[in-house]
1. Simple spin-label model, 7 Å along Cα-to-Cβ: R18 to A67 in nm?
2. In a shell of Cβ-Cβ distance under 9 Å around G29, excluding G29 itself, what net charge do Lys and Arg (+1) and Asp and Glu (-1) give?
3. Pulled fully out, how much extra length does the chain show between D76 and F144, if you take 0.36 nm times their separation in residues and subtract their Cα-Cα distance?
4. In what order do L162, L154, L30 fall by count of nearby beta-carbon atoms within 10 Å, going from fewest to most?
5. Sequence-distant or interchain residues sharing an amide H contact under 5 Å with H22, placed H: which?
6. Quick query: amide H of F44 versus all other amide H atoms, modeled in the peptide plane; which residues come in under 5 Å with a sequence gap of 5 or more or a different chain?
7. Counting other beta carbons within 10 Å of each residue's own, what order do F46, F182 fall into, fewest first?
8. Mind sorting K184, K156 by how few other Cβ atoms lie within 10 Å of their own Cβ, fewest first?
Amino acid sequence: MRNKRIFDYFRKKQPPLRRCDHPDCGGDGLFRAPKSRNQLYDYFWFCLNHIRDYNKNWNYYAGMSTADIEATIRQDTVWEKPSWPLGGGAYAKSHTHFRFFDETDNTGHPHAGHKPYGDPRPSHIIAQERQALHELQLEHPASFAEIKAQYKKLAKQHHPDLNQNNPAAEERLKEINRAYQFLKTHALDAVKQA
């Protein structure tokens, strides 16, 4: 008996049904449709048959030029937020060098000794980056172009073809290769996160 009273209570609270907005239709308007491209939140209410007809004929881009359609599509791809081309803008120019920090950093940075804001990498990765730069005889900050050029120079200098029967040069080349591979993977990830 109690369930019946609750059901009756909610049934009475339902708003009255709308009538279909199509002329000469007396059906219930259960389905909403935007009135126009400029009034997307102002609706017609149609019955099932008339909403199907409306949807078949609805064209959001009707009356727009090709340039307007292209601009709308481009805006929708970034959720109508401003964006900049990759590699452009002041933010990208401020991140042209890798930034390597660890606990012993003394660069005069106001937060010296701490990881920079937004750098989620563990401190042991940052220390390994510093060591890899040392192996390549570079100091931070170093751009990836500088790292690559120094790697080529050292690899050529310690190559086995130029240093035959010299195991020290071969070991040094292995260290250089390891350092370069580490910087190529982890340092590039650091720039993507920055």
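Where a number appears in this text, it was derived from the coordinates with a stated rule and is not lab data. A quick note: this is a predicted structure, and the numbers were derived from the prediction, not measured. Here the Cβ is made from the backbone with ideal geometry for all residues, glycine too, and neighbour counts use every protein chain on show.
1. Placing both labels 7 Å beyond Cα along the Cβ direction yields 3.7 nm.
2. +1
3. On the way: separation 68, 0.36 × 68 = 24.48 nm, distance 3.43 nm.
Going from the current span to full extension adds 21.1 nm.
4. L162, L30, L154
5. C47
6. The answer is A33, K35.
7. Numbers: F46 25, F182 17.
If I rank by nearby Cβ atoms, fewest first, I get F182, F46.
8. Lowest count first: K156, K184.
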